[in-house]
1. Of all trypsin sites (Lys or Arg not before Pro) in segment 59-137, which ones are in loop regions per DSSP and have a Cβ with at most 14 other Cβ atoms within 10 Å?
2. With a 1.4 Å probe and every protein chain left in place, work out the accessible area per residue of segment 65-169 in Å², rounded to a whole number.
3. Between segment 153-182 and segment 60-124, how far is it from one alpha carbon centroid to the other, in angstrom?
4. Can you pick out the pairs among K80/K116; K80/K171; K80/K122; K148/K169 whose Cα atoms lie more than 27 Å from each other?
5. Would you please name the chymotrypsin sites (Phe, Trp or Tyr not before Pro) within segment 88-182 that are DSSP coil residues with at most 14 other C-beta atoms within 10 Å of their C-beta?
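The values are calculated or read from the model by the stated rules, or taken from the named source; none is laboratory data. Note that the structure is a prediction, hence the values are computed from the model and not measured. Cβ: placed from backbone, ideal geometry, glycine included. Neighbour counts: every protein chain shown. These area figures cover heavy atoms from the full protein model, side chains too; ligands, DNA and RNA do not enter into them. Shrake-Rupley method; radii C 1.70, N 1.55, O 1.52, S 1.80 Å.
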Amino acid sequence: MVGNKKNIDSQGDNTINNTGEGARFEINHYAGQKKILNRTYLFDFCLKFSEVDDVPDGYDADFTSDFEGKMDYNEIDVYKEIFFECDHYLDDVESILEEIPRRQRILSNINTKYKKLKRFGKWDNKDELCEGVYNYLIETIQNDDNSKDIYLEDAELAIHALMYYAFTKCKLLDPIPKVVVR
């Protein structure tokens with residue numbers, strides 16, 4: 001669970017678990033299955049992130065192009081792999097965000113956190129900056145009482161998909177500078 005960092009992959013496929021305080025029998029049917037994006041969690045996360053007060057900047061609904069070029073320009077390695085794993089969730093994120101009343105705040109908050117970390121934080125590479133944004137988002141969810149029973153893997157996948165979406169909207173990492181031809 002997010003609050004207790006419960007990890008479904010570490011418990012084995014089809015095993016029975018009954019350990020810990022307030023133990024109950026559980027059969028793990030998760031291990032060995034392909035990860036899928038839980039749209040309900042992503043919707044709940046987006047609602048939570050849209051409630052965070054911050055002054056929103058412009059919400060641009062257009063996708064950028066040359067995602068891989070932007071990743072290479074920013075010299076990310078770890079998050080490049082993570083983002084490629086989330087690529088097929090872009091349409092899901094887009095459709096979920098259409099239902100969020102103040103969706104511009106989500107991208108604005110991600111962008112603001114990135115800029116603050118970049119300007120005021122200590123970092124060696126852009127992967128560390130992305131990890132800082134991830135930590136901010138996961139802490140926001142962990143501090144929400146309604147998110148205590150969510151598995152860590154589901155939370156990570158939803159947040160990474162949201163971060164990749166922000167990346168495609170130029171709200172996370174630096175855009176490739178435009179070449180001025182004279």
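1. Sites meeting the loop and neighbour criteria: K122.
2. Per residue, segment 65-169 has 49 Å² of solvent-accessible surface.
3. Value for the Cα centre distance between the two parts: 3 Å.
4. K148/K169
5. Those satisfying the criteria are W123.
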